[in-house]
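The values are calculated or read from the model by the stated rules, or taken from the named source; none is laboratory data. Being a predicted model, the structure only gives us computed values, none of them experimental. All Cβ positions, glycine included, derive from the backbone under ideal geometry; neighbour counts span all protein chains shown. For the accessible areas, the whole protein counts, side chains as well, though only heavy atoms, and no ligand, DNA or RNA atoms are used. Shrake-Rupley method; radii C 1.70, N 1.55, O 1.52, S 1.80 Å.
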Amino acid sequence: FREGDAVTAQAISISNDVPDDNFSEKLNAQAAGNTGGVLNNGGSFNLLGPGATDSSSITVSIDTSTAGNKAGNATIDFQSDGTGSSGLGITPLTSQDVAVTGQVFRLAQAGVHTPEPVVMADSHVGDTAQQALSITNTAANDGFSESLNAAIGNGTGDVTGTGSFNLLAAQATNNSSLVVSIDTTSAGAKSGTATISSESDGTGTSGIVPNVALADQTVNVSGNVYRLAEASVHIPEPVVLANVHVGDVSQQALTISNIAANDGFSENLNASIGGATGNATATGSFTGLGAGATNSSSLVVGIDTAIAGARTGTASIGLVSDGNGINSLGQTALSGQTVTVSGNVYRLAEAHIDNPVDFAFGNVHVGDTVNQAVSISNIATADAFSESLNASFGAANDARITNNGLSISQLAAGNTDNSTMVVGLNTSAAGIVNGTQTINFASDGTGSSGLGITALANQDLAVSATISANVFRLANPMINNNQPVAFGNFREGDAVTAQAISITNDVPDDGSSEALNAQAAGNTGGVLNNGGSFTRLGPGATNSSSITVSIDTSTAGNKAGNATIDFQSDGTGSSGLGITPLTS
């Protein structure tokens, strides 16, 4: 039986085993003591006649109030009663024991499950968050306790219960079969209950069927589920940097947000940038970017501007979901992002003055026109990444230095302008010029980099001259021969005596006149010359021999034409102004 079961008592059948011959007394019986968990009903009977049997008055059973082996005796006291027969009164007889056996089993006893309540460790969305319960069959392990069966289910709220076990022996513990879990498909505070149903099972112990249901237990479960931080795609992407000059800083801060819901169940975002490839640069990091927040300054990409050209590369953003200060889950690596970076780097124009260092005009006359074009080159590399060159005149530190006021605009890399800008002298008065003419330069990105105008270093052009107040006359050639020079008539092939041309340098010999140079040049109309010349014919002097003319008699015809003589005024030894061409 199980503890507390009702037991049907068994009647003891007792006979007065003597002959019914009028010489046998009657029998009295009384249930007396018990041993070993045996019970009797305290019943009795009197005056049971000889040969008669009583099968109902005295009963025995076992005590089911406690578990154990019920094996003992029920003692019955007897008397021989002479009433109505011998008249000899009551004579005690020997008591007799009735042997009784039976077994009483305890129900299994489900101990309180642990833990209770079940507080799950923090978890992320999509994690498995479950807890195995520990439960013990707390019934005494003395051979008289049934085994425990249990199953869990009936989850409520966000809780699910799964699992079961059978025939858990007394004092044994199961700490793996009954499992509670919470729903991690979404973030938030999760709670609910599950129910443990249990029963006492007599299989292998009492053998009693059916099993006995025990009291249910409610398992209270709670836990927090957190989202990982969620990084937005960085912007801009790709990163196209504005045009810059060589050596400039070219950078762009990226914007990135933690787009996880801001409800207290989302982790913070950490980020760092590095791993630059090609011409890209990358610096910066941030930590603890809360859900719904944005960082637009910490992660910076750029390009290397040490050299000109089209610059490209990539950088890598490392991302981490950070639960510190929010939950107990620490840090979780997230998928990174790649940043594509490009930009163009331009050289400034590079100005070079190609003329000799000094504009040394030497000796000039008062009133002379003196000027020279400045040759300017843009010597930057001509590869589409160099800006154009602008040039203009700045100030001169001597008022006698003049310029034509013109400027050069957008001189392309690799090109030269050797005519636009002209430097000269004001020769209206005598004196010594020794000064500089400043030329202003600028790099012009209009039409190339788009970076506008960038001032470059000015350059000073040295200008020197001596302006003499002693004005020299140019030589003045005068041909003394009567013209035309008539040779008369000849036959073909005749020898003709050449006639010398008399030439005078028709200027005063007063120390302010230059000498004369002459050279026989071309002829027309059958006229010939000897190719003669002279140099440095002094003022007032005449040369009547160096240059001769004749006619060509190799063919017949009218020989009428010109012999041209070229003249120069020669300042050698006088003005020092060199050679000045004169009219032929």
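Observations on the model:
- Residue in the stretch 431-439 that is closer than 28 Å to residue 389 by Cα and among the hydroxyl-bearing types (Ser, Thr, Tyr) present: yes
- Any hit, the stretch 134-149, residues being farther than 22 Å from residue 212 by Cα and either within 55 Å of the chain's Cα centre (by Cα) or buried (at least 20 other Cβ atoms within 10 Å of the Cβ) (or both): no
- Count - residues of the stretch 410-428 that are in a loop (DSSP other than H, G, I, E, B) and open to solvent by less than 50 Å² (accessible area, probe 1.4 Å): 5
- Within the stretch 388-397, if we keep just the residues that are buried (at least 18 other Cβ atoms within 10 Å of the Cβ) and under 16 Å from residue 422 (Cα atoms), the residue that is farthest from the chain's Cα centre (by Cα) turns out to be 396.
- Some residue of the stretch 83-97 being touching a Lys or Arg at 6+ places or on another chain (Cβ under 9 Å) and either open to solvent by less than 20 Å² (accessible area, probe 1.4 Å) or free of Cβ contacts under 8 Å to residues at least 12 places away in the same chain (or both): no
- Any hit, the stretch 324-345, residues being open to solvent by 60 Å² or more (accessible area, probe 1.4 Å), over 12 Å from the mean Cα position of the chain (by Cα) and within 30 Å of residue 375 (Cβ to Cβ): no
- Leading residue by the ranking (surrounded by the most Cβ atoms within 10 Å (Cβ to Cβ)) among those in the stretch 346-370 that are at pLDDT 95 or above and of a type in the set (D, E, K, R): 347
- Residues satisfying the stated conditions in the stretch 177-226, i.e. under 25 Å from residue 326 (Cα atoms) and either open to solvent by 20 Å² or more (accessible area, probe 1.4 Å) or modelled with pLDDT under 95 (or both): 181, 183, 185, 186, 187, 189, 191, 220, 222, 224
Per-residue answers, yes or no, for (1) in a strand (DSSP E or B); (2) in contact with a strand residue (DSSP E or B) (Cβ under 8 Å, 6 or more places away or on another chain):
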site: 136; (1), (2): yes, yes
site: 139; (1), (2): no, yes
site: 143; (1), (2): no, no
site: 155; (1), (2): no, yes
site: 176; (1), (2): no, yes
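- Positions within the stretch 501-510 being at pLDDT 95 or above and surrounded by fewer than 16 Cβ atoms within 10 Å (Cβ to Cβ), in sequence order: 502
- Candidates are the residues of the stretch 2-18 that are in a loop (DSSP other than H, G, I, E, B) and within 22 Å of residue 214 (Cα to Cα); the one that is nearest to the chain's Cα centre (by Cα) is 3.
- Consider the stretch 227-239 and keep the residues that are of a type outside the set (A, V, I, L, M, F, W, C) and surrounded by 18 or more Cβ atoms within 10 Å (Cβ to Cβ). The one that is nearest to residue 297 (Cα to Cα) is 234.
- Any hit, the stretch 240-251, residues being hydroxyl-bearing (Ser, Thr, Tyr) and open to solvent by less than 40 Å² (accessible area, probe 1.4 Å): yes
- Qualifying position, being of a type outside the set (Ser, Thr, Tyr), in a loop (DSSP other than H, G, I, E, B), at pLDDT below 95 and open to solvent by less than 30 Å² (accessible area, probe 1.4 Å), among 475, 465: 475
- Residue in the stretch 371-387 that is modelled with pLDDT of 95 or more, in contact with a Gly (Cβ under 6 Å, 6 or more places away or on another chain) and buried (at least 19 other Cβ atoms within 10 Å of the Cβ) present: yes
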